[in-house]
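In what follows, a structure is listed as structure tokens, so that the remarks can point back to it.
No value in this document is a laboratory result; all are computed from the given coordinates. The shown structure was predicted, so the numbers you read here are calculated from the model rather than taken from an experiment. A quick note on method: Cβ atoms are made from the backbone with ideal geometry, for glycine too, and the neighbour counts reach across all protein chains shown.
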Amino acid sequence: MIALHHIACTWNPELPDARCASLRRRAERHLGLRLGGLKHVSVYAVRAALDAAQLERLAREGLSDVVAQRVGIDRLPDGCAGFASFVLVGKLPGTTDDEGLSAQRTLHDLLGVPFAPAPQEVFTSDLWLFADALDAATLRRLAEEELGNPLVNQFAFGPFADFAWPVPEAEPTAAPTVETVSLEIADDALDALSKQRLLSLDRAEMKAVQAHFRDSQIQARRRAAGLPAEPTDAELEIVAQTWSEHCKHKEFNALIHFVDRETGREETIDSLFKTYIRASTEEIGRRLEAAGNNWLVKVFSDNAGVVRVDRDRLFVFKVETHNSPSALDPFGGAITGILGNNRDPLGTGRGGATLLFNTDVLCFGPPDSAVPLLPGQLHPRRVFAGVRQGIEEGGNKSGVPTINGAIAFDPRYAGKPLVYCGTGGILPDNYGGRPAWEKEIAPGDLVVLAGGRTGKDGIHGATFSSLGLDKHSPRSAVQIGSPITQKMLSDFLEVACRRGWVKCATDDGAGGLSSSIGELAPLAGGSEIWLEKVPLKYPGLQPWEIFLSESQERMTLVVTAEAAPALAELAQLYEVEATVIGKFTATGLLEVSHAGRPVAQLDLGFLHDGVPRKHLEAEWTRPVAPESAIPENLDHGDVLKRLLASDNVCSREAVIRQYDHEVKGRTVIKPLMGPAGIAPQDAGVIRLSFDDWRGIAVACGLAPRIGDLDAYASSACAFDEAVRQIVSVGGQLPEPGKLGESTFWCANDNFCVPDSVYDAATNPDGKYKLAQLVRMCRALADLARAYHVPMTSGKDSMKNDFRAAGQKISVPPTVLYSVAAAIPDVRKTVTSEIKEAGDAVYLLGRTYDEPGASEFQRLFGAPGGRAPTVRPEEALPLYYRTMAAHRAGLIRSSHDVSDGGLAVALAEMAFGTGLGLDVDLAPVAESVAGGGIPDAPRRRLAALYSESPSRFIVAVKPENRARFEELLGGGATRIGATTAKPRLRVADAGRRLVDVPVAELERAWRKELLA
Amino acid sequence: MKAVRALVLTGFGINCQDELAAAYRLAGAEADVVHFNEWLAGTVALRGYDVLNFPGGFSFGDDLGAGKALANKMRFCRLAGGRTLLDEIADHLAGGGFVLGICNGFQILVKTGLLPNVGGNFAQEVSLIVNDSGQFEDRWCHCRAERPARSPFLKDVDVLALPVRHKEGKLVVRDAAIRAAIRERGLCALRYCDAAGAIATDYPALPNGAEMSCAALTDPTGRVLGLMPHPEAFLSIYNHPDWARRREAAGGNEEGEGLRLFRNVVDHIRRNRP
């Protein structure tokens, strides 16, 4: 038996301990608990054969900070006496312990042996010591709510006298077995089987599997291969994973019977994806091609969409969601979300793209929610804090700048948050003359599994995310990401791909090897996998678990037998495990074995095309939602401050500061800019290299609450928002007749909707929800065609419901558009904040009386009424004129008008500039249109607070006014000027509505969003 | 004339190697980006390089304390001849070479004892611990250079605007003797200040709570420089959050202030070539 030692480190008592300060703050705010004396100790449990000198050196030089820390070996450090209670937080067996692994590296460096990650020899835990004698219930709350999460951590707590060193559990071992599962059972037993094994297959799908295995030819082939007539556990799991909603998008490909009660029309939609998303993009592709334009390179068919930057470079862009895992363990869910999404660009084409930026769009319940929690539900504040930290660690530690994003709050996100992670990357045009965006595989090529080791983590992620959440959701679906493992993998992959050794790369994400091999095998015509070769984190995994594991930071590479030795040598240098685990064949089969024993043999045709088509019902009735009554004689200065302080408008600085938005040294428009670095911006802009000035602008559009009035308007407004933010910074939309000159634009659509499959008992409004989705897709197609902006990739997440205690919390149907566009010269882009006193200020675009879903209405209760409408026939000509003014360099500052309307946008442009604005809205109010002729007070409110899309506020130097006005025609309304006096003054025909120091507005806006 | 050559390390979570290499190239030097293990395996030797660079990033994910795990490698791992990488650096310095560490690189230099190295024996004398805010923060700050500059990187530099992007940047000093040596020998090469150059004592102008408001250290020879702010992230004016107005004020000059440090050291090396 190898000895177990404990090394404990704590900060010198005279130094502040930020972790203790943070816990003290949170305990008081969240639990109403004022903590007395507090100490944090890092504990390393080391199970290794060490002599006394080695142990001493490991502790003092290797693990502790000789200047700032005290250390104890097999005892607590000095200064840990006199405490009354303790909480010890360790990791559940099998959970990622990166710090333990890094300590293990130091141990192996010290011993002079090559690093080996398994077996695990160093285990970390956090020990918290409290001077107060806290009772068990309090300690448990501290442990489970503030210091860890029972889904990933194990805890010990109690009186300090009871403290005992943690003893890592030995991993259970089990002999590998392959079970046979009988499908020759009654239909309701098939349902039960699907549920019990977390297969997420409905009865029709179970029957299809049953029928396949009854086929006599299949049976004969199985006999020959030594497999049982009925499916093995692995086969059933592979089919369930491949056919999961997550992987197969069955609802987006369903036949939908759509009834429109508003028009009385009925129709059948043959796949939302084909009808709206693919058809519009293909049409745009044909237009581009006709104009001699070839920037649209690869859409929908790979891990990320591919467009062309120039002769030598391609841009790859993908946005994913990680909602269900983030609901269970917010930190783990978000960090694996961002790292997992990073692997999509890395695994596009032959692989090895250089990551350029991340975007993050997050939807949470209100952070100060007082609604009692359902069993298994985490408070929105905890979800927000954990997700924020996950994105910080995932993005920052990967060296990828987070350059754009958004946060939206609504009580309906309190069950399942939405966590959208986007990543753009640059792929070379070719590797040694072979197109880098193409995946190429031939029979005989080898399957290499590279990166992290495989464990039980994340099993059933693909099938689980296809279900609603409840308190029985599998905890194996929760895992913690390892940014360092992935960074080392991506460094290695980039070099290996550039040397031409990799024919194809793909991510091992949801569904694990089953998914990656399943998707690659058809490119060659078959594949054979030898599971005993897969490096494991610990023994005891069953063959099906190895194949289905969703352990993070792994990628599957395809290499020729000739290139394999060189690849292995490079992997060794980079300390990345890269193991040959199989080969490609031409048999038409996916064949899996473990140490020579057959585990699975599935026909690729059946696997990919055997899933029965879904038939769904949709029925649209326009919801009726009255407007709020607005009091007369409002103090608009006060209203503006309340708007600025609302959750959906207030400053995101506290979150943004904790994301690195400028690593790589090329971010030109960051989320916050200006002299004080606090003015919020529209699109993010990043330069591609240090050798030229080309760049990319990226923006996100999201308007879920408009969907309460009209799902079409919600989707159209979201699309317009993303596009106009890029136009705002100087992006140039493709123009008809000029398409040949244009540079690329590409969009990702990400739908996150509640369960939209009608069921009289469990989902009675399912038909309406599906109709909302249909209308959102129609808006996508209409706007994409109108603006000539193709979708190049996207993803849907269909079951965003949380069920517990007989209640259901469903997200509002939400679509995020993430749009990226080429910027030929980043030096010509424009930021939002005003630059100098005396500039003329204009509103571009028309304001409508459409107050529905506005932040202003929300201040007064129900935000009903007419929804904001995108009018492409007005918006597009305005965008073209605005683009011309940008090209001529006439726009000095530009900010799009969005949440809160014009008043909020004006205030934001002044933040941190030391300047002010003086405007009169009379010309805007006079021209407010829509729904008959509104009266003067209504027109004034619309001018101040309407959230009509397709509008900008711009500042123009006085000497450029004439040229600017000529270019904009009637699209620009001059409303005032920037001032040296730092006040925001807004009048209507001379009548003062707002006259407030900018500093006062800024104070309201910079509230603490997350305690 | 022989080119000035910079070796820029990468791997194990280092992630600012490209902008650091670009800084040297823009300053007229040659820069090679080399994986840490190529240096450790002896396939790339330090000989022939003028400046060894430890870029920013998160080596080993900041586990064990920022920079610690990589510093351990430099102390513990042995090259083929039985020497450590720290021995190699000692030779490089003795031969007139320079060492630069930025952010995570600075943390590594501190934890290997290369900075401030008042005692000359590479014992750790200071540390960089978690910011008083407890948070990673990305924000622009101002720094004032110690005059006269001991490090050629900072020759004639007065006040610089640079971004800080770290969680562990609070400098703490082992004892009064080291503190006195740092002060008396002018080893605190940059101090956080306000826009006018007055030394910052409060957050956020002092972003991390560092002792002496210290943002950078040199060793007594001036050949080793480590700093928390990122000069390689201000190579062009377009890095600055207020670039639109700065560009107008600069009369169209598009160079960032951070590039000056690299021009300085490249000029210094050129001028002092035998």
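Roughly how compact is segment A:1-139, stated as its Cα Rg over 2.2 N^0.38 Å to two decimals? Mind dumping the intermediate values first?
Values: Rg = 16.3 Å, N = 139, 2.2 N^0.38 = 14.3 Å.
Scaled against compact globular proteins, the figure is 1.14.
Inter-chain Cβ neighbour count for B:51-62, averaged per residue, equals 5 (cutoff 10 Å, partner chain atoms only).
Subtracting the Cα-Cα distance of A:T268 and A:R1003 from their residue separation scaled by 0.36 nm leaves 259.3 nm.
Relative intensity of segment A:163-219 on a log10 scale, I(q)/I(0) at q = 0.25, 0.26, 0.28 Å⁻¹, equals -1.04, -1.08, -1.15, per a Debye sum over C-alpha point scatterers of equal strength in the absence of solvent. By the beta-carbon count within 10 Å of each Cβ, the least crowded to most crowded order of A:R308, A:R613, B:R165, A:R197, fewest first, is A:R613, A:R197, A:R308, B:R165. Working note: Cα gyration tensor of segment B:5-271, eigenvalues times five, square-rooted, sorted largest first, giving semi-axes of 27, 22, 18 Å. Placing a pseudo-label 7 Å from each Cα along the Cα-to-Cβ vector at A:N12 and A:T180 gives an inter-label distance of 7.0 nm. Nearest 0.05, what FRET efficiency do A:L31 and A:K957 give at R0 = 45 Å with Cβ-Cβ as r? Efficiency, from the Cβ-Cβ distance: 0.25. Computed with the Debye formula from one identical point scatterer per Cα of segment A:925-1011, without solvent, the log10 of I(q)/I(0) at q = 0.10, 0.14, 0.16, 0.17 Å⁻¹ comes to -0.38, -0.72, -0.91, -1.00.
If the chain linking A:R622 and A:D635 were pulled fully straight, counting 0.36 nm for each residue of separation and taking away their Cα-Cα distance, it would gain 1.3 nm.
Which of the helices in chain A, when you take each full DSSP H run, stretch at least 15 Å along the axis at their Cα atoms and have an average Kyte-Doolittle score of -1.0 or higher? Before the final figure, lay out each step's value.
Values: long enough: A:18-31 (19 Å, -1.04); A:98-111 (20 Å, -0.47); A:203-214 (16 Å, -0.73); A:279-290 (16 Å, -0.79); A:330-346 (24 Å, 0.04); A:380-396 (23 Å, -0.78); A:483-498 (22 Å, 0.21); A:512-524 (19 Å, 0.86); A:711-729 (28 Å, 0.67); A:766-787 (32 Å, 0.07); A:872-887 (22 Å, -0.68).
Length and hydropathy pass: A:98-111, A:203-214, A:279-290, A:330-346, A:380-396, A:483-498, A:512-524, A:711-729, A:766-787, A:872-887.
Of A:A987, A:P375, A:F547, which is farthest on the positive side of the dipole of the protein assembly as shown, counting Cα position, with +1 on Lys and Arg Cβ, -1 on Asp and Glu Cβ, and the Cα centre as origin? Highest projection toward the positive end goes to A:A987.
Footprinting exposure proxy ranking of B:H166, A:H661, fewest other C-beta atoms within 10 angstrom first, gives A:H661, B:H166.
The reciprocal of the average 1/r between distinct C-alpha atoms defines the Kirkwood hydrodynamic radius, which for segment B:80-229 equals 15.3 Å. From the alpha carbon centroid of segment A:707-760 to that of segment A:311-367 is 19 Å. Restriction of the trypsin sites (Lys or Arg not before Pro) in segment B:5-65 to DSSP coil positions whose beta-carbon has at most 10 other beta-carbons within 10 angstrom yields B:R47. Stretching the chain fully between A:L4 and A:A561 yields a gain of 196.2 nm (0.36 nm per residue, less the alpha carbon separation).
Roughly what % of Cα-Cα distances in segment B:51-139 sit above 15 Å, to the whole percent?
On the way: 2394 of 3916 pairs.
Percentage above 15 Å: 61.
Measuring max minus min along each principal axis, the C-alpha atoms of segment A:832-1011 give extents of 45, 42, 35 Å (largest first).
At 222 nm, what helix-only mean residue ellipticity would chain A give, in deg cm²/dmol to the nearest 500, using -39500 (n - 2.57) for each DSSP H run of four or more? Can you show the working numbers first?
Values: 30 runs with 308 residues, N = 1011.
After summing the helix terms and dividing by residue count, I get -9000 deg cm²/dmol.
Extending 7 Å from the Cα toward the beta-carbon at both A:R311 and A:A229 defines two label points whose distance is 6.6 nm.
Averaged over the residues of peptide A:55-68, the number of Cβ atoms from other protein chains lying within 10 Å of each residue's Cβ is 5.
From zero up to wherever the largest Cα-Cα distance of segment A:289-347 sits, split into 5 Å bins and tell me the percent of pairs in each. In whole percents, the pair-distance histogram is 4, 17, 19, 17, 14, 10, 8, 5, 4, 1. Which shape class, rounded, prolate or oblate, goes with segment A:794-915 when its Cα gyration tensor gives a ≥ b ≥ c as root eigenvalues, a/c under 1.5 marks rounded, and past that a/b bigger than b/c marks prolate? Since a/c reaches 1.5 and a/b is larger than b/c, the shape of segment A:794-915 is classed as prolate.
For segment A:611-728, the fraction of C-alpha pairs farther apart than 20 angstrom is 65 percent. Bridgeable lysines around A:K828 (alpha carbons under 30 Å apart, same-chain partners fewer than 8 residues away excluded): A:K298, A:K318, A:K664, A:K670, A:K738, A:K957, A:K981. The calculated FRET efficiency for A:A586 paired with B:A45, based on their beta-carbon distance and R0 = 60 Å, is about 0.80.
Per residue of chain B, what 222 nm ellipticity follows from adding -39500 (n - 2.57) for every DSSP H run with n ≥ 4, rounded to the nearest 500? Mind dumping the intermediate values first?
On the way: 8 runs with 71 residues, N = 274.
That calculation yields -7500 deg cm²/dmol at 222 nm.
Treat the count of other C-beta atoms within 10 Å as a stand-in for reagent exposure and order A:F364, A:F606 from fewest to most. Mind dumping the intermediate values first?
On the way: A:F364 27, A:F606 19.
Starting with the residue having the fewest Cβ neighbours, the order is A:F606, A:F364.
Over segment B:5-271, what is the mean sequence separation of C-alpha contacts under 8 Å (at least six apart), divided by residue count, expressed as relative contact order in percent?
Computed value for segment B:5-271: 18 percent relative contact order.
Remark: mean inter-chain Cβ contacts per residue of B:21-31 equal 1, using a 10 Å Cβ-Cβ cutoff to other protein chain atoms. Note on A:A164 and A:A84: the model spin-label points, each 7 Å out from Cα along the C-beta direction, lie 2.5 nm apart. Dividing the mean sequence gap of close Cα pairs (under 8 Å, 6+ apart) by how many residues segment A:779-887 holds gives a relative contact order of 21 percent. Of the beta bridges DSSP finds with both residues in segment B:5-271, what % are antiparallel, to the nearest 5? Expressed as a percentage, antiparallel bridges in segment B:5-271 total about 60. So if I take the centroid of the Cα atoms in segment A:211-255 and the same for segment B:1-53, what is the distance between those two points in Å? Taking the Cα centre of segment B:1-53 as reference, the centre of segment A:211-255 is 53 Å away.
Taken over the protein assembly as shown, the ratio of Cα radius of gyration to 2.2 N^0.38 Å equals 0.91. Looking at the protein assembly as shown, the DSSP beta bridges with both ends there are about 80 percent antiparallel. A Cα-only calculation for segment A:868-952 places Rg and Dmax at 14.1, 41 Å. Protection proxy ranking of B:61-70, B:220-229, A:557-566, by the mean of other Cβ atoms within 10 Å over each peptide's residues and highest first, is B:61-70, B:220-229, A:557-566.
So, in Å, what gap is there between the alpha-carbon centers of segment A:108-135 and segment A:946-986? For segment A:108-135 versus segment A:946-986, the Cα centre distance is 60 Å.
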